[in-house]
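J.: Questions regarding the structure given below will be posed in turn.
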Amino acid sequence: MKIELKNISFEPNKKVVIKNVDLEIGNSITTLLGQNGSGKTTLMKMMCNITEPSSGEIFINNKNIINLSRNDLAKKLSFVSQDRESLQGFTLYEYVEMGRFPYQNFLGLYDDLSKSIIDKSLKTVNLFNRKEEFVNNLSGGEMQILRIARSLAQDVELILFDEPTSNLDINNTLFVKELIFKLKKQGKKIIISTHDINFAKSLSEYIFMIKNGEIFEHGEPSKVLTKKNIIDCYDLAKFGNYDFITS
């Protein structure tokens with residue numbers, strides 16, 4: 001699975017959010033790293049065709065994303081958002097079942113394979129025993145984990161995680177990290193957006209540092225995560241003390 005962004009810009013209401021971005025993603029675990037508001041989430045939403053760029057083109061396996069139907073795209077990639085939806089009255093099972101939407105038959109029903117995948121997805125995130133509970137009773141961290149289960153139910157090759165640990169405690173952060181490694185071993189391709197330097201360093205095979213909607217630096221973690229790059233990308237020079245930065 002390969003994603004290419006060619007000369008991508010995004011300027012809603014004449015405000016420059018993304019500027020002339022060219023990147024190609026094909027590694028097992030790739031990270032978009034930068035400050036909050038740097039444009040990472042916008043880039044991910046463009047890869048999923050949720051947000052349309054002002055200019056430029058996006059290709060998945062050499063196919064222009066605008067030529068893929070919603071269902072075709074949903075069978076290629078899934079997006080684990082950090083945003084909590086305003087949902088009430090759905091059980092955990094019904095929520096994860098939404099991930100099988102591209103595979104329902106003409107009656108809107110799911111076959112035994114889909115039911116098996118839904119169960120497996122809930123078991124993978126340790127929520128199967130709670131599948132009859134309602135999503136509105138979940139904490140923010142639990143909902144984040146459930147979103148991963150819904151994504152797994154799509155059974156795709158590429159999974160995009162937007163700030164996957166933003167609402168998680170240490171225990172669940174480690175759980176997500178181990179899950180991502182497990183998915184890699186299963187042959188999945190992973191793209192992560194995060195502002196967490198240590199999380200990126202511990203997982204990534206390749207990193208794109210993003211600053212003010214542009215590619216600031218890119219390469220393997222050992223090349224990208226230098227003290228100078230971190231200071232410059234995160235605008236830390238004004239603080240003067242960099243003892244907390246290790247590279």
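The values are calculated or read from the model by the stated rules, or taken from the named source; none is laboratory data. Everything numeric here is computed off the predicted structure, so don't read it as measured data. When we count neighbours, we look across all protein chains shown, and the Cβ atoms used for this are built from the backbone with ideal geometry, even at glycine. Surface areas here come from the heavy atoms of the whole protein model, side chains and all, with no ligands, DNA or RNA. Shrake-Rupley method; radii C 1.70, N 1.55, O 1.52, S 1.80 Å.
J.: Does Lys189 satisfy being charged (D, E, K, R) and in contact with a strand residue (DSSP E or B) (Cβ under 8 Å, 6 or more places away or on another chain)?
T.: The answer is yes for Lys189.
J.: Cβ-Cβ under 8 Å, sequence separation 6+ or interchain: first residue in the range 9-28 and among the basic types (Lys, Arg), partner surrounded by fewer than 17 Cβ atoms within 10 Å (Cβ to Cβ) and not in a loop (DSSP other than H, G, I, E, B). Which pairs?
T.: Within 8 Å, the pairs are Lys19/Ser9; Lys19/Glu214.
J.: If a residue has to be of a type outside the set (D, E, K, R) and in a loop (DSSP other than H, G, I, E, B) to count, how many in the range 141-163 make the cut?
T.: Adding up the residues that qualify gives 2.
J.: Identify all residues within the range 99-119 that are surrounded by 14 or more Cβ atoms within 10 Å (Cβ to Cβ) and either of a type in the set (Ser, Thr, Tyr) or touching a residue at least 24 places away in the same chain (Cβ under 8 Å) (or both); write none if there are none.
T.: If the condition is that a residue be surrounded by 14 or more Cβ atoms within 10 Å (Cβ to Cβ) and either of a type in the set (Ser, Thr, Tyr) or touching a residue at least 24 places away in the same chain (Cβ under 8 Å) (or both), then Gly99, Arg100, Phe101, Pro102, Tyr103, Tyr110, Ser114, Ile117, Ile118 are the ones that fit.
J.: Now for a different question. Among the residues of the range 181-194, what is the count of those that are hydrophobic (A, V, I, L, M, F, W, C) and buried (at least 21 other Cβ atoms within 10 Å of the Cβ)?
T.: Here the count works out to 3.
J.: Kindly list, by first and then second residue, each pair from a residue in the range 178-195 that is in contact (Cβ under 8 Å) with a residue 60 or more places away in the chain and within 15 Å of Glu163 (Cα to Cα) to a residue that is of a type in the set (Lys, Arg) and outside any loop (DSSP other than H, G, I, E, B), limited to pairs with Cβ atoms under 7 Å and residues at least 6 apart or on different chains.
T.: Hits for this filter: Ile190/Lys184; Ser193/Lys40.
J.: If I go through the range 17-37 residue by residue, how many of them are touching a His at 6+ places or on another chain (Cβ under 8 Å) and not aliphatic (A, V, I, L, M)? Before the answer, list the steps.
T.: Filtering the range 17-37 down to residues touching a His at 6+ places or on another chain (Cβ under 8 Å) leaves 23, 33-36.
Those still in the list that are not aliphatic (A, V, I, L, M) too: 34-36.
Within the range 17-37, residues that are touching a His at 6+ places or on another chain (Cβ under 8 Å) and not aliphatic (A, V, I, L, M) number 3.
J.: Which of the residues that make up the range 125-144 are more than 19 Å from Ser86 (Cα to Cα) and surrounded by fewer than 17 Cβ atoms within 10 Å (Cβ to Cβ)?
T.: Passing the criteria: Asn126, Asn129, Arg130.
J.: Among the residues of the range 199-237, which ones are of a type in the set (Val, Ile, Thr) and either open to solvent by 30 Å² or more (accessible area, probe 1.4 Å) or within 19 Å of Glu4 (Cβ to Cβ) (or both)? Give the steps one after another, and end with the answer.
T.: First pass over the range 199-237, keeping only residues of a type in the set (Val, Ile, Thr): 207, 210, 215, 224, 226, 230-231.
Selection gives Ile207, Ile210, Ile215, Thr226.
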